[in-house]
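Q: If you scroll down you'll find the structure; I have some questions about it.
The values are calculated or read from the model by the stated rules, or taken from the named source; none is laboratory data. Quantities reported herein were computed from a predicted structural model and do not represent experimental measurements. Methodologically, a virtual Cβ is constructed for each residue, glycine included, from the backbone with ideal geometry; neighbour enumeration extends over all protein chains shown. Side chains are part of the model used for accessible areas, which takes the heavy atoms of the whole protein and leaves out ligands, DNA and RNA. Shrake-Rupley method; radii C 1.70, N 1.55, O 1.52, S 1.80 Å.
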Amino acid sequence: MDSQESLGQRLRDLRLRRGVSQAQLAFPELSDSYVSLIESGKRLPAPNVIELLARKLGCSASYLASGVSDETVTELRMTLKYGEISLENGEVEEARASFAKILNHPSLSAIPDMLYEVRWGFARALEASGDLENAVAELENLVGMISPEEDPDRWAWLHIALCRCYRERGDFGAGVRTGEEGLRRLTGVQARWTESTVMLGVTLLGVFLERGDLVYAHQLANRLIVRAEDVGSARARAAAYWNAGMLAEYRGHPDEGLRLGERALALLGETDDTRNLARLRMECGRLTLRARPDQAERARDLIQQARQELADCAASEIDHVRSVMELAKAEIALDRPAEAVRLAKEAMDLLGHSQRFVLAADVLIVLANGYVGLDQIDAAVEVLQHAAEALEGMQSQRQAAQTWFDLAELLGRTGDEKQRAQAYRHACACAGLG
């Protein structure tokens, strides 16, 4: 039977095949006139009525509603499950292929309850593969399919993914707008915050930090800690303290950042969130390098442990790149610049043609510092200039200003006073001083 038939047509055909009149099908729960209205397409029955009619006609409710056979629905759901497992295991291309296969299936449009799940999986697979432009396009399309009133958790996670993609691309303005609008609508329909609400707020905080909006970030961080404590879940509290620690470091208080990071690590240890536990351990290693440079060996051990844990739990590309980059920073602190350069180049190879422009700029800065340690100043200048230009183009003013300043200091060692002065001007402009 053609899945493009209307529900009313399918109902009539099945009823006639069974040799049942409208009155017989309706009795005793419904009226025969109501069945007639459904068959003529003038009434759309509620899900419980579809269940009732399907039971009487000896078919599944999904078939009556969609016209898609149970076998086809089962096959599509198995493919969907395979895609989700592949994505969870870090097998991104397999996941992407599975979701694309379902999206191209002619019956999918007739199964609306599956359509969102498939497109959501496909968008996350695009993000995981580094194709952020298409991931954003897919996620933006999904926004029109749901509302915070109908499904607040799904609304929150959708906006978290969108906000995260914009941040990784360096489009901080869009990231802030998306995060703020998503949070505004979500809190407008919820009497109390939930774990997913806190996680959306935390993601928005990350965009503020990348953009250098430390005043807004400070206000939001304090609010999130209060809300997370109200929610009470270890995951929500850990996320709030984790990002408050990052803010403390950005504001020049790495010791406070490390204290908050270690508090978050203890909280997350109460959960089974292996991936985020490894990521937070890596963050604590990074903060140890900043706050206690004399403990660089311990910091390296923490980052190395996190890297292994991330490999064991099939983490994403971005986690692997960051773990390699943080290891490179530790090697610089331990005065092993050659190993730092090797690791930074490995991180760049892992990124490939990914659209994670912010992370790429971070890796370039580490690579430049490695070259400085090897006294390869010209190579360091070239790499650092690429990073500074990229950051300025992404409106990452705080980090761009620092990178231009570092470049100016480096150019002082080459004797190129003209370029040095120009780099200083760039630094002042990014810092709002020029």
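Q: Can you name every residue in the stretch 380-398 that is part of a helix (DSSP H, G or I), farther than 19 Å from I318 by Cα and open to solvent by 30 Å² or more (accessible area, probe 1.4 Å)?
A: Taking the stretch 380-398 first, the residues part of a helix (DSSP H, G or I) are 380-393, 397-398.
Applying the additional criterion that residues be farther than 19 Å from I318 by Cα yields 380-386, 388-389, 392-393, 397-398.
Scanning the stretch 380-398 gives E382, Q385, H386, E389, E392, G393, Q397, R398.
Q: Considering Q376, Q355, which residue is open to solvent by 30 Å² or more (accessible area, probe 1.4 Å) and under 23 Å from S86 (Cβ atoms)? Full working, then the answer.
A: Numbers: Q376 fails: under 23 Å from S86 (Cβ atoms).
Checking each option against the conditions leaves just Q355.
Q: Mind checking which residues of the stretch 73-92 are closer than 15 Å to L108 by Cα and of a type in the set (A, V, I, L, M)?
A: Of everything in the stretch 73-92, those that are closer than 15 Å to L108 by Cα and of a type in the set (A, V, I, L, M) turn out to be V73, L76, M78, L80.
Q: Only residues in the stretch 366-382 that are farther than 17 Å from E346 by Cα and modelled with pLDDT of 90 or more count as the first member; pair them with residues that are open to solvent by 80 Å² or more (accessible area, probe 1.4 Å) and acidic (D, E), Cβ under 9 angstrom, at least 6 apart or cross-chain, and list the lot.
A: Note: pairs meeting the criteria are G373/D335.
Q: Now a separate question. Out of all the residues in the stretch 173-189, which are touching a His at 6+ places or on another chain (Cβ under 9 Å), surrounded by fewer than 23 Cβ atoms within 10 Å (Cβ to Cβ) and either under 27 Å from S354 (Cβ atoms) or in contact (Cβ under 8 Å) with a residue 40 or more places away in the chain (or both)?
A: E181
The rows are residues; the columns are (1) in contact with a Leu (Cβ under 8 Å, 6 or more places away or on another chain); (2) in a helix (DSSP H, G or I); (3) surrounded by 15 or more Cβ atoms within 10 Å (Cβ to Cβ).
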position	(1), (2), (3)
V49	yes, yes, yes
S62	no, yes, yes
K81	no, yes, no
G90	no, no, yes
H105	yes, no, yes
V118	yes, yes, yes
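Q: Of the residues that make up the stretch 67-80, is at least one under 24 Å from I160 (Cβ atoms) and either under 29 Å from the mean Cα position of the chain (by Cα) or of a type in the set (G, A, S) (or both)?
A: Scanning the stretch 67-80, I find at least one residue that is under 24 Å from I160 (Cβ atoms) and either under 29 Å from the mean Cα position of the chain (by Cα) or of a type in the set (G, A, S) (or both), so the answer is yes.
Q: Restricting to the stretch 195-217, what's the tally of residues that are open to solvent by 40 Å² or more (accessible area, probe 1.4 Å) and at pLDDT below 95? I'd like the intermediate steps shown before the answer.
A: Looking only at the stretch 195-217, we keep the residues that are open to solvent by 40 Å² or more (accessible area, probe 1.4 Å), and these are 195, 211, 214-216.
Restricting the remaining residues to those that are at pLDDT below 95 gives 211, 214-216.
The number of residues fulfilling the criteria is 4.
Q: Give me the residue from the stretch 146-172 that is open to solvent by less than 10 Å² (accessible area, probe 1.4 Å) and touching a residue at least 60 places away in the same chain (Cβ under 8 Å) and, out of that set, nearest to I318 (Cα to Cα).
A: E168
Q: Please go through the stretch 64-79 and pick out each residue that is assigned to a helix (DSSP H, G or I) and touching a residue at least 12 places away in the same chain (Cβ under 8 Å). It would help to see each step written out before you state the result.
A: Start the filter on the stretch 64-79 by keeping residues that are assigned to a helix (DSSP H, G or I), which leaves 64-66, 70-79.
Correct list: L64, A65, S66, T72, V73, L76, R77, T79.
Q: Still on this model: Please give the number of the condition D294 fails out of (1) touching a helix residue (DSSP H, G or I) at 6+ places or on another chain (Cβ under 8 Å); (2) farther than 27 Å from G90 by Cβ.
A: The number of the failed condition is (1).
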